[in-house]
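Enquirer: Sharing a structure with you now.
Values in this text are rule-based calculations from the coordinates and carry no lab data. Model, not experiment: these values are computed from the prediction.
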Amino acid sequence: MNNIRLLTGGLVLIVLGLAGGTGYLIYDRIQSEVTPTERATKQDIVELKQEQAETKKDVLELKDQVATNSAELTVHRRELATAKGERDILKKTQEELKKDVDSNKAAIDANEAKISDLDDAVAEHTSKIESLETEQKKLKDQLAKMGERVDNLESRVESTESRLDEKDKQIEDLKKQQADTRAELAELKRQLGLGDPEPSN
């Protein structure tokens, strides 16, 4: 009888030991797999800073491209309007001169040459504007993707901040840089006609 009790007690101890060991292994596994993803590290901040720097660089490059595109469009649209205006005036003048072709032949010929040159200018500026408008559409697509990229980075910054053991000044700097980048994107959207117009004084 005593032997049975001893045997039973031994089995209970073995089962408890196995359960305890298994429990510890499960806990250790959870700690090794979950903890690294739950806690933010200095390396996370370094990676965020690198990505923020790359994003800022790309935004500045996009800003330069938008500025160049907008400036060229403005110039060619103005030149196109000027060429069309001059051509219309000359054509009206020609109509008057042709009422007396014999007396005005020299002037008519000179005007025809000017009209031909203006036709070429109109065609050139029209073609250039079409090309620039196509480029502008691509810039708008790039801007949309850049906005998604900034949104994603901002989400990662917030997630990293929430997983830090204590507040970090570098995170605050990143958040400020994010706000600056978002302001740059808003200005680019306005320039490309995608945002609210600039308030008038």
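Enquirer: Against the 2.2 N^0.38 Å scaling, with N counting residues, where does the range 73-125 land? I'd like the Cα-based Rg ratio to two decimal places. Could you put the intermediate results ahead of the total?
Expert: On the way: Rg = 12.7 Å, N = 53, 2.2 N^0.38 = 9.9 Å.
Its radius of gyration relative to the 2.2 N^0.38 Å reference: 1.28.
Enquirer: Kindly flag which residue pairs out of Lys42/Lys63; Lys84/Lys140; Lys63/Lys175; Lys105/Lys128; Lys169/Lys189; Lys57/Lys138 have an alpha-carbon separation exceeding 26 Å in this structure.
Expert: Working: Lys42/Lys63 31 Å; Lys84/Lys140 29 Å; Lys63/Lys175 21 Å; Lys105/Lys128 35 Å; Lys169/Lys189 30 Å; Lys57/Lys138 18 Å.
Cα-Cα > 26 Å for Lys42/Lys63; Lys84/Lys140; Lys105/Lys128; Lys169/Lys189; rest within.
Enquirer: Average projected area of the Cα convex hull of the range 41-191, in nm²?
Expert: On the way: hull surface 41.4 nm².
Hull-based average projected area comes out at 10.4 nm².
Enquirer: Same structure, new question: Using just the alpha carbons, could you tell me how many Å³ per residue the convex hull of the range 147-195 encloses?
Expert: Numbers: hull volume 2.7 nm³, N = 49.
Expressed per residue, the convex hull around the Cα atoms of the range 147-195 is 56 Å³.
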